[in-house]
Amino acid sequence: QVQVVESGGGLVQPGGSLRLSCVASGSILSIVSMNWYRQASGKERELVAGIRSGGTTDYADSVKGRFTISRDNAKNTVYLQMNSLKPEDTAIYFCNAHIVSSSPHQLRNYWGQGTQVTVSS
């Protein structure tokens, strides 16, 4: 059984910063990639940032230069450092991970439950 759990959301003023964390646990053989998605009220879920096992990163244009994704492979943890936050960053942020589990041995896509980020004065 594999679980993915996010933490670190909250309320922050425009221009402020937050750091989200996501930990994968369970019968993990390897993690192919870990990603952050977000879904604002009334909108579709969108990819915010992703990081592959080799360290390659991708960012949505709307967050480039403000958000940084990083990964601690030893802890099966991914972080999203969010700076210069804007009201339009308000959304539920979801962690997503492509994980090869050891039992059963298979590649699957896992989602966390989401954490709310609200940017407001």
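Quick notes on this one:
- Taking only protein heavy atoms and a 1.4 Å probe, the accessible area of the chain is 46% carbon and sulfur.
- Less than 5 angstrom separates the built amide H of residue 45 from none of the residues sequence-distant by 5 or more or on a different chain.
- Accessible-area order (highest first, 1.4 angstrom probe) of the listed residues 92, 51: 92, 51
- Residue among 42, 1, 115 farthest towards the positive dipole end of the chain, charges placed on Cβ: 1
- Rounded accessible area per residue of the chain, 1.4 Å, Å²: 52
- Close amide H pairs (under 5 Å, H built 1.01 Å from N) link residue 114 with 6, 95, residues at least 5 positions away or on another chain.
- In sequence order, calculated HN-Hα J values of segment 23-39 (Karplus, 6.51, -1.76, 1.60; Hz; x Gly/Pro): 10, 9, 9, x, 7, 9, 8, 7, 10, 6, 7, 9, 9, 10, 10, 9, 9
The values are calculated or read from the model by the stated rules, or taken from the named source; none is laboratory data. Note that the structure is predicted; figures quoted are calculated from it, not measured. Backbone-built Cβ (ideal geometry, glycine too); neighbour counts: all protein chains shown. Ligands, DNA and RNA are excluded from the accessible area calculation, which covers all protein heavy atoms including side chains. Shrake-Rupley method; radii C 1.70, N 1.55, O 1.52, S 1.80 Å.
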